Amino acid sequence: MAESALIEERLGAATRAERILAEVLAGVLHVGRVPLDSHFFDELGADSLVMAHFCARVRKRGDLPPVSMKDVYAHPTIRSLAAAMADAAPAAAKSPTAGALELPTPTSAREHVLCGALQALFYLGYSYLGVLAAIEGYRWLVAGAEGVERVLRLVLFGGAAFLVVCAVPIAAKWLLVGRWRPQQIRLWSLGYVRFWVVKALIWSNPGVHLFIGSPLYGLYLRALGAKIGPRVVILSRRIPVCTDLLTIGAGTVIRRESSFLGYRAQAGRIEIGPVTLGRDVYVGEMAVLDIDTSMGDGAQLGHTSTLLSGQAVPAGERWHGSPAQRTETDYARVAPARCGRLRRTAYAALTLIGILFLCAPLLEWGLGLLFLEVSSLVEAVDPSVQSGTGALAVRGVLIEALAFSAVLFFGAVLVGVLAVGLVPRALSVFIKPDTVYPLYGFRYAVHRVIAGLGRLRFFAVLFGDSSYIVHFLTWVGYRLSPVVQTGSNFGSEVKTSTPFLTSVGSGTMVADGLNMINDEVSSTSFRVSRTAIGPRNFVGNYVTYPTGGRTADNCLLAIKVMIPLDGKIREGVGLLGSPPFEIPRSVERDSRFDHLRTGEALRRGLAAKNRFNLRTIGIFLFTRWLGVFLIVLIDLAAVELFYDVLAHAVMAALFALSAAVAAVYYALVERGCEMLAPPPPAICSIYDPGFWWVERVWKLHPISFLHIFDGTPFKSVIWRLMGVRIGRRVFDDGVHISEPTLTTVGDECVLNHESKIQCDSQEDGTYKSGQTTLGAGCTIGVGAFVHYGVRMGDGSVLAADSFLMKGEEVPPRAHWAGNPARGG
């Protein structure tokens, strides 16, 4: 009797839910009624944006359990969705409720201003000391020497300068902080200033980036206080800051682009906590480890996966997903090899010798020689530039800056194009596919060179979103033929670790951020293998595609999707989320411009787009060169005009000013193009001129120079210059905003490192955009992605590495997490 009563109760609840859900969906679709068994996408013509609005309206009612986009895809009819909600309701009632969010830590306008002033003073002071040390060191070691002695002294000077630059962050960390401990630091306070100084010095240190992937990196982290075991391999370029709380056991492998910073920003404060990894742990590509996370001995965390605060992977278990959950997939797939202590020591020593006595001196010598040759050429053309004073001296500096910046910039572009095509071709003969090699040998060094060239960003930005990217990638070594040219085959960010083992099938289109993984690494060995994406795919933003990915023809790989490595081969479907689940390959809204992708319409549209993209490439090169010219001009003026007039102070001020001027210049360049361009269209074909203007703005985005201001009040000023409607005391630790004019950020929001707000999307030849609004006090976690048409209520939080889909509405004070994100 009790069981029958329960069944009747559930049926009644399901019937009531069906009626309410049908009414809500009919209102969203603007139709009279919705059949209970009609498929949302295939029969009713809905898409993910429409269904996101549907989910938001259901959540606002309060008389039904909340519905997520994952629920909609899993149960794509009113009847099946209502039944699933009825089944889930009892379980939800028994589950513990999510803990309340901590109250935000109030920030002070006075502290905000004081923090900015102290950060600017530090920047100027550090520049002054750097200029003073460089001038006096050069005078002492190099000036006056000639011939072989000068070369040797130059080598000594370059090596000593490199060691000093590496030692400064270590000394600053121990002097200003001592040992990190779990704590909370109020944003913009004096405690935060100390935190920022240490972080800025560690992240700006060029030496640490050269150490990554070698045994030297573990030694460097130990010097900063981390507990690093032997045989640890760290390939990630996201450098941890709170190192005393970082523990990594022997034999652990951390792949590229993984994040384990040891801190996060949230609700007006910096929160610092431990990250603990046992022995023989494997952390996959693009994984994120939040604070207060741990992994036991032999544990694995897969690619595109996240451990949120408080999660712990037991010893020997394999987890993946965002947030991570248990899986049977094995991510450590390469056999070990003999790699002893002597091999590691020799590789570390050779790396250090190469940096100290080859790379640093050659860079300094090369720039000096280039400047002397350019100066000699300028003097030969116009002798008055070297002997003049006053206006003639200024004219001479201007001419030298023009000549030197042009030779430096365009020469580097030409050399770079040749290097990325020729060097991997020459070196690839030393590495055979599917062969296991030991780490830290000649072949490993060769592989690192090839991988470094294959991941250069400049040329992908230069040629991306145009027909010319196909020719560039073919030159680099990608296998793309037969190519179906669309004019947007690849976006502005595409990288691989082995170009000659990378294949993308015919008719496939790729958005920004594709990361092809050809190499597999253990603590003692590595192997390279072919990685292939099938034909007629669409690959969304920031997809990491590993060797052995189980997808084939005609797939939609959504934003930040985890590519499955086991199970059936997916074909003719879409994949979304981490771990992935199937969604429709396409919807009606995305096919409305298909007639422009064939025949004569395609020919005309593609030709017009190519002409426009040539102008885009020209503008990109010109504006980038002009930025280099401004930097060179200011630095030359510091050296040649003010060397004997308050030399140290003026030179330091001008050197510091050059970076700030470049950042403001690039921001104004983008803003100028935005003012000339029409507003981004809500939806259009990629052959619509409105979309071409959007692509131009993408190319001109000053990402590298913006990071100079991360964690400072000045970052908000730069965003305002670019068109973002941004509130007071916003903390930005390195967010990327693709469409500034479509983005609104409320007062005291917190935007974490590597987070993204992308107010547009391009799928299968259709471009879409929409306003995204963050209310006051919102937090976007480390590596999280916010799509277009999103509204986040005041005080809401999006957890680390989450994907907030287009059209979602997050209630005030809510905590959402996951890929795709949902309320907790």
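The values are calculated or read from the model by the stated rules, or taken from the named source; none is laboratory data. Keep in mind that this is a model prediction, so the values were computed, not measured. Quick reminder, even Gly has a Cβ in these numbers, built from the backbone with ideal geometry, and neighbours come from all protein chains shown. Just the protein is used for accessible areas: all its heavy atoms, side chains included, with ligands, DNA and RNA removed. Shrake-Rupley method; radii C 1.70, N 1.55, O 1.52, S 1.80 Å.
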Inspect all residues belonging to region 715-725 and state whether any of them is under 20 Å from the mean Cα position of the chain (by Cα), in a loop (DSSP other than H, G, I, E, B) and farther than 27 Å from residue 814 by Cα.
no
Please indicate, with yes or no, whether at least one residue in region 648-662 is buried (at least 22 other Cβ atoms within 10 Å of the Cβ), in contact (Cβ under 8 Å) with a residue 24 or more places away in the chain, of a type in the set (Phe, Trp, Tyr) and out of contact with any Lys or Arg (no Cβ under 6 Å at 6 or more places or on another chain).
no
Report whether or not residue 231 is in contact with a Ser or Thr (Cβ under 7 Å, 6 or more places away or on another chain) and within 30 Å of residue 549 (Cβ to Cβ).
yes
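Out of the residues in region 193-216 meeting the condition of being of a type in the set (S, T, N, Q) and open to solvent by less than 10 Å² (accessible area, probe 1.4 Å), tell me which one is farthest from residue 353 (Cα to Cα).
So the first thing to find is which residues in region 193-216 are of a type in the set (S, T, N, Q), and the list is 204-205, 214.
Keeping just the survivors that are open to solvent by less than 10 Å² (accessible area, probe 1.4 Å) gives 205, 214.
Working: 205: 18, 214: 13 Å.
Among those that are of a type in the set (S, T, N, Q) and open to solvent by less than 10 Å² (accessible area, probe 1.4 Å), it is 205.
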Of all residues in region 217-230, count the ones that are open to solvent by 20 Å² or more (accessible area, probe 1.4 Å) and either assigned to a helix (DSSP H, G or I) or more than 21 Å from residue 280 (Cα to Cα) (or both).
3
Which strands (runs of 3 or more DSSP E) sit wholly inside region 264-309 and have at least 1 residues that are surrounded by fewer than 22 Cβ atoms within 10 Å (Cβ to Cβ), touching a Lys or Arg at 6+ places or on another chain (Cβ under 6 Å) and acidic (Asp, Glu)?
269-272
The conditions are (1) over 30 Å from residue 597 (Cα atoms); (2) hydroxyl-bearing (Ser, Thr, Tyr); (3) touching a Lys or Arg at 6+ places or on another chain (Cβ under 8 Å), and residue 761 fails exactly one of them. Which is it?
(1)
Which pairs turn up if I take residues in region 20-42 that are on the phi > 0 side of the Ramachandran plot and look for partners that are open to solvent by 30 Å² or more (accessible area, probe 1.4 Å) with beta carbon separation below 7 Å, at least 6 apart in sequence or on another chain?
none
What's the total number of residues in region 765-774 that are open to solvent by less than 10 Å² (accessible area, probe 1.4 Å) and either more than 21 Å from residue 691 (Cα to Cα) or touching a helix residue (DSSP H, G or I) at 6+ places or on another chain (Cβ under 7 Å) (or both)?
5
Taking region 553-573 and the residues there that are without any contact (Cβ under 8 Å) to a residue 40 or more places away in the chain and open to solvent by 20 Å² or more (accessible area, probe 1.4 Å), the one that is nearest to residue 331 (Cα to Cα) would be 567
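Restricting attention to helices (runs of 4 or more DSSP H) lying wholly within region 411-513, give those where 2 or more residues are of a type outside the set (A, V, I, L, M, F, W, C). Working first, answer last.
Working: elements: 442-454, 458-463, 468-476.
By residue number, 442-454, 468-476.
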Please pick out the residue among 218, 225, 207, 249 that is among the small types (Gly, Ala, Ser) and touching a Leu at 6+ places or on another chain (Cβ under 7 Å).
249
Flagged in region 238-263 as assigned to a loop (DSSP other than H, G, I, E, B), more than 19 Å from residue 203 (Cα to Cα), touching a strand residue (DSSP E or B) at 6+ places or on another chain (Cβ under 8 Å) and open to solvent by less than 10 Å² (accessible area, probe 1.4 Å), in numbering order, are 252
Determine which single condition residue 491 fails, assuming it passes every other condition in (1) surrounded by 22 or more Cβ atoms within 10 Å (Cβ to Cβ); (2) modelled with pLDDT of 90 or more; (3) touching a Gly at 6+ places or on another chain (Cβ under 9 Å).
(2)
Can you tell me how many residues in region 98-143 are closer than 30 Å to residue 727 by Cα, open to solvent by 50 Å² or more (accessible area, probe 1.4 Å) and touching a His at 6+ places or on another chain (Cβ under 7 Å)?
1
Evaluate region 174-192: report whether one residue or more is basic (Lys, Arg) and either crowded, with 20+ Cβ neighbours inside 10 Å or assigned to a helix (DSSP H, G or I) (or both).
no
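Let's see how each residue does on (1) β-branched (Val, Ile, Thr); (2) closer than 24 Å to residue 656 by Cβ; (3) within 40 Å of the chain's Cα centre (by Cα):
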{"position": "121", "(1), (2), (3)": "no, yes, yes"}
{"position": "124", "(1), (2), (3)": "no, yes, yes"}
{"position": "132", "(1), (2), (3)": "no, yes, yes"}
{"position": "136", "(1), (2), (3)": "no, yes, yes"}
{"position": "144", "(1), (2), (3)": "no, no, no"}
{"position": "149", "(1), (2), (3)": "no, no, no"}
{"position": "155", "(1), (2), (3)": "yes, no, yes"}
{"position": "159", "(1), (2), (3)": "no, no, yes"}
Go through region 706-741 and report how many residues are of a type in the set (Phe, Trp, Tyr) and open to solvent by 10 Å² or more (accessible area, probe 1.4 Å).
2
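Those residues that are among the hydroxyl-bearing types (Ser, Thr, Tyr), assigned to a loop (DSSP other than H, G, I, E, B) and over 15 Å from residue 790 (Cβ atoms), I need them from region 33-73; list them, please. Write out each step before concluding.
Here is the first cut: in region 33-73, the residues among the hydroxyl-bearing types (Ser, Thr, Tyr) are 38, 48, 68, 73.
Going one step further and asking which of them are assigned to a loop (DSSP other than H, G, I, E, B), we end up with 38, 68.
Matches in region 33-73: 38 only.
On the basis of being touching a residue at least 12 places away in the same chain (Cβ under 8 Å), buried (at least 22 other Cβ atoms within 10 Å of the Cβ) and within 17 Å of the chain's Cα centre (by Cα), does residue 539 make the cut? Spell out the reasoning first.
Working: touching a residue at least 12 places away in the same chain (Cβ under 8 Å): yes; buried (at least 22 other Cβ atoms within 10 Å of the Cβ): yes; within 17 Å of the chain's Cα centre (by Cα): yes.
Judged against the criteria, residue 539 is a match.
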By residue number, the members of region 574-600 that are open to solvent by 30 Å² or more (accessible area, probe 1.4 Å) and not in a loop (DSSP other than H, G, I, E, B) are 581, 582, 588, 589, 591, 594, 595, 596, 597, 599, 600
Flagged pairs (Cβ under 6 angstrom, 6 or more apart or on separate chains; first in region 591-611, closer than 17 Å to residue 766 by Cα; second among the β-branched types (Val, Ile, Thr) and modelled with pLDDT of 85 or more) are 593/766
Members of region 110-161 found to be in contact with a Lys or Arg (Cβ under 6 Å, 6 or more places away or on another chain) and touching a residue at least 40 places away in the same chain (Cβ under 8 Å), listed by number
112
Give the residue that is modelled with the highest pLDDT, with candidates limited to residues of region 351-366 that are open to solvent by 60 Å² or more (accessible area, probe 1.4 Å) and over 30 Å from the mean Cα position of the chain (by Cα).
353
Let me confirm something: among 621, 630, which residue is out of contact with any strand residue (DSSP E or B) (no Cβ under 6 Å at 6 or more places or on another chain), open to solvent by less than 60 Å² (accessible area, probe 1.4 Å) and modelled with pLDDT of 90 or more?
621
Checking residue 235 against (1) under 21 Å from residue 291 (Cα atoms); (2) of a type outside the set (D, E, K, R); (3) surrounded by fewer than 15 Cβ atoms within 10 Å (Cβ to Cβ), the condition it does not meet
(3)
Going by the structure shown, is residue 691 in a helix (DSSP H, G or I), open to solvent by 30 Å² or more (accessible area, probe 1.4 Å) and not small (Gly, Ala, Ser)?
no
